[in-house]
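Okay, so here's the structure we're looking at.
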Amino acid sequence: MGILDIYEISNIRTRGYDEGIDSYQCDARVTYVYYDRERSVDFTYRVDTDQSSGEVLIEYQNKMLNPILGYAMGF
């Protein structure tokens, strides 16, 4: 199932930074086109750096996908 035909992430902003744990609180907007209709959803996410490996970890809530999936599946 192709959920999205076209999408773009924009309005990326840093809302906060915790220097002690190297963690950023951010928000952004995903704009997508599905069957020639454009929709936008704002969402928040967190970006952390793993202290042992140095890997960047991104965490977001699955509920941010609900409007996209609902639209794509027709409910």
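Descriptive notes on the structure:
- Cα pair distances in the range 1-54, grouped into 5 Å bins until the bin that holds the longest one, percent each: 5, 17, 20, 15, 13, 12, 9, 6, 2, 0
- Positive minus negative residues near TYR24 (Lys, Arg vs Asp, Glu; Cβ under 9 Å): -1
- Surface accessible to a 1.4 Å probe, VAL47 within the full protein complex, Å²: 30
The values are calculated or read from the model by the stated rules, or taken from the named source; none is laboratory data. Keep in mind it's a predicted model, so treat the numbers as computed, not measured. With ideal geometry, Cβ positions are generated from the backbone for all residues, glycine too; neighbour counts draw on all protein chains shown. Only protein heavy atoms, including side chains, enter the accessible area calculation; ligands, DNA and RNA are left aside. Shrake-Rupley method; radii C 1.70, N 1.55, O 1.52, S 1.80 Å.
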